[in-house]
Amino acid sequence: RAVAATAAACSAALLAVLAVRWRAVAALAAAAAEGGEEQEEGRREAKVAQPRRPAVAVAAAAVAAGGGTGAEAVRDLEDFGEEATRPERLGIGEVLQHWLGKKPSQKLKPQAGGCGCSSGAQDSESYLPGKQKVYVRTYGCPHNASDGEYMMGQLRDYGYTLVDSMEDCDACVINSCTVKHPSETRAMNMVTNAQQAGKQVVLAGCVPSSDKKLAESLEGVSMLDVTQLDRIVDVVEESLKGNTVKLLQKRKDLPSLALPKVRKDKFAEIITINAGCLGSCTFCKTKHARGKVVSYSIDEIVARANQAAAEGVCQIELASEDMGAYGIDIGTNIVELLLKLSDALPPGVMLRTGMTNPPYIMQHIDGIIEALKRPNVHSFMHIPVQSGSDAVLQAMRREYTVAEFCHLIDRLKEAIPDIFLLSDIICGFPSESREDWEATMALVRKYRFQGLHVSQFYARPGTAAARMKPLKSNIIKDRWRECTDETNAYNRNEGLEGRIERVWFSATEEERGQTIGRTKAFAKVLITRDDTLLGRSATVKLGKSCKLHVEGKVVGDVQ
């Protein structure tokens, strides 16, 4: 009965919109007959009379206006001006009510493409939520992972069925990453495969957000800018009708943190604290997608963390392009956020910091150390260095020196000897000499980071580094191999053997039958599978170790 009532309401709304549309067309015809200035005035009045249309009526109205099957493509797909306002921020349980009960505050302008909607009444039930299956695939960083979880939450709450494979879906949402060439290539290959499989495709994430030329070259692929993720329901709905919708206009505000989510890990929550950065690295394309820093308020972040904790989450990870720059735009800073968030978290919930570049974290180092020493904050920092050569750092436009990076790391290690330090190295930057590379390897050997992301240099289109003369590919690969071999040559967990530590458990290794946890210093601990420990902590005696993890046995004090 509910489905029938919804269908009847949609049909009635559609007929009303079409009636207004035809009255507007008639007004235009009358104005044309009068000619001259009266013709132009009539055209303006008809345009004003035309209402903004909800997504459910867009395709049929476009067909009616064209008087045909809708096969002619509408090239201008971005219908959002700078003055447009975002729909009100939606929370959990409010997505379905919003889209069924209200007209969106902005209209979508689809690119019709053989959707077969020759009339608004054709197979209307096939467009009702719950009739279609959607597959969401996310690539890239924690920020992107959080965006993907938000998109899945909105789609689920609207009524779509989420599936785990492209083969089972009707629409495929690809949440892409552009930080490296391989990650972008994987996303674009998936677009091709999904289209060849006859699926409706929505490309979201940093690829369409950072490269409009690429976006324009893809036919039949709907797209969503990273600032528009709260419009995913609109875009998927229109794509399932056979339309192509491209929402690539940048928005100045951020989507609500209270949107519904489907977490990849039930007991781990990723909270984005700010988007964008203040740097201008010559190799990076992410800023093209994310823009300059825009921060969420401390109150919003604390509210999201407490909501997640109430749902059983025991691990909170902060996501950011540059955590150290948090709050610069709203008159606060990362230390104030960490201390207030730590104070607000309920017992048993651990907090982990996100990635930060050296320049903006240096001024906060004392406060950061204070926060990392708190019992509910993991002793963990991710600080990319990228190179051990000042000449290369200058060519990268990284805005710090090797000495400044070393000062930062030394302060952290002195204050917190067991701290888990994660860093990044780019191998084979265009200006990197053999002497530069030796300096990088000396830095890697000096600190023996607990984690190191080692990447070959890839020239990203549109960046300054892409215009530099590249090194030969064999040199880049040799340097990558040398750095990788060095990081694999030592056991970073050897010192943990025989110790008794409190471990917080939040995930399961299905294939090996193990439960996964983390110590206060974020060392990875594996025990024999025990699902009763998920979302809880226990004291564990640590045993055999390797470079990636340490095995353990629960000895008591489960909390």
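Brief remarks on what is shown
- The set of residues from the range 116-158 being modelled with pLDDT of 60 or more, hydrophobic (A, V, I, L, M, F, W, C) and either open to solvent by 10 Å² or more (accessible area, probe 1.4 Å) or out of contact with any strand residue (DSSP E or B) (no Cβ under 9 Å at 6 or more places or on another chain) (or both) comprises Leu128, Val136, Cys141, Ala145, Met152.
- Test: residue in the range 521-535 that is touching a Lys or Arg at 6+ places or on another chain (Cβ under 9 Å), touching a residue at least 12 places away in the same chain (Cβ under 8 Å) and among the small types (Gly, Ala, Ser): yes
- Qualifying residue in the range 532-547 (condition: of a type outside the set (A, V, I, L, M), within 30 Å of Ile425 (Cα to Cα) and open to solvent by less than 30 Å² (accessible area, probe 1.4 Å)): yes
- Of the criteria (1) touching a residue at least 60 places away in the same chain (Cβ under 8 Å); (2) open to solvent by 10 Å² or more (accessible area, probe 1.4 Å); (3) not hydroxyl-bearing (Ser, Thr, Tyr), which one Gln200 fails: (1)
- Residue match in the range 353-363 (condition: modelled with pLDDT of 95 or more, in contact with a strand residue (DSSP E or B) (Cβ under 7 Å, 6 or more places away or on another chain) and not polar (S, T, N, Q)): no
- Hits in the range 318-333 (condition: closer than 18 Å to Leu372 by Cβ, modelled with pLDDT of 95 or more and open to solvent by 10 Å² or more (accessible area, probe 1.4 Å)): Asn333
- Arg304 closer than 24 Å to Pro255 by Cβ and either open to solvent by less than 10 Å² (accessible area, probe 1.4 Å) or acidic (Asp, Glu) (or both): yes
- Hits in the range 198-210 (condition: within 19 Å of Leu155 (Cα to Cα) and more than 14 Å from the chain's Cα centre (by Cα)): Lys199, Gln200, Val201, Val202
- Every residue from the range 274-301 that is touching an Asp or Glu at 6+ places or on another chain (Cβ under 9 Å), open to solvent by less than 30 Å² (accessible area, probe 1.4 Å) and of a type in the set (A, V, I, L, M, F, W, C): Ala275, Cys277, Ala289, Val293, Ile298
- Where a residue in the range 148-165 is assigned to a loop (DSSP other than H, G, I, E, B) and its partner, wherever it lies, is surrounded by 19 or more Cβ atoms within 10 Å (Cβ to Cβ), with Cβ under 6 Å and at least six apart: Gly159/Pro129; Tyr160/Pro129; Tyr160/Gln132; Tyr160/Val134; Val163/Tyr135; Val163/Cys169
- Tally, over the range 383-393, of residues that are within 25 Å of the chain's Cα centre (by Cα) and either in a helix (DSSP H, G or I) or within 12 Å of Pro430 (Cα to Cα) (or both): 0
- The sole residue among Arg502, Arg481, Arg460, Arg492 that is under 30 Å from Asp211 (Cα atoms) and either over 29 Å from the mean Cα position of the chain (by Cα) or not hydroxyl-bearing (Ser, Thr, Tyr) (or both) is Arg460.
- Looking only at the range 213-228, residues that are outside any loop (DSSP other than H, G, I, E, B) and closer than 11 Å to Leu247 by Cα come to 7 in all.
- Residue count for the range 161-183 satisfying the condition of being open to solvent by 10 Å² or more (accessible area, probe 1.4 Å) and more than 14 Å from the chain's Cα centre (by Cα): 12.
- When the residues of the range 184-197 are filtered to those that are open to solvent by 40 Å² or more (accessible area, probe 1.4 Å) and not charged (D, E, K, R), the one that is nearest to the chain's Cα centre (by Cα) is Thr185.
- For the range 394-490, no helices (runs of 4 or more DSSP H) sit wholly inside it while including 1 or more residues that are free of Cβ contacts under 8 Å to residues at least 24 places away in the same chain, surrounded by 15 or more Cβ atoms within 10 Å (Cβ to Cβ) and among the small types (Gly, Ala, Ser).
- Those residues of the range 166-181 which are of a type outside the set (Asp, Glu), in contact (Cβ under 8 Å) with a residue 60 or more places away in the chain and more than 20 Å from Arg290 (Cβ to Cβ), in sequence order: Ala171
The values are calculated or read from the model by the stated rules, or taken from the named source; none is laboratory data. Predicted model, so just to flag it, every value in this text is computed and none were measured. Counting neighbours? That spans all protein chains shown, and the Cβs are built from the backbone with ideal geometry, glycine included. Surface areas here come from the heavy atoms of the whole protein model, side chains and all, with no ligands, DNA or RNA. Shrake-Rupley method; radii C 1.70, N 1.55, O 1.52, S 1.80 Å.
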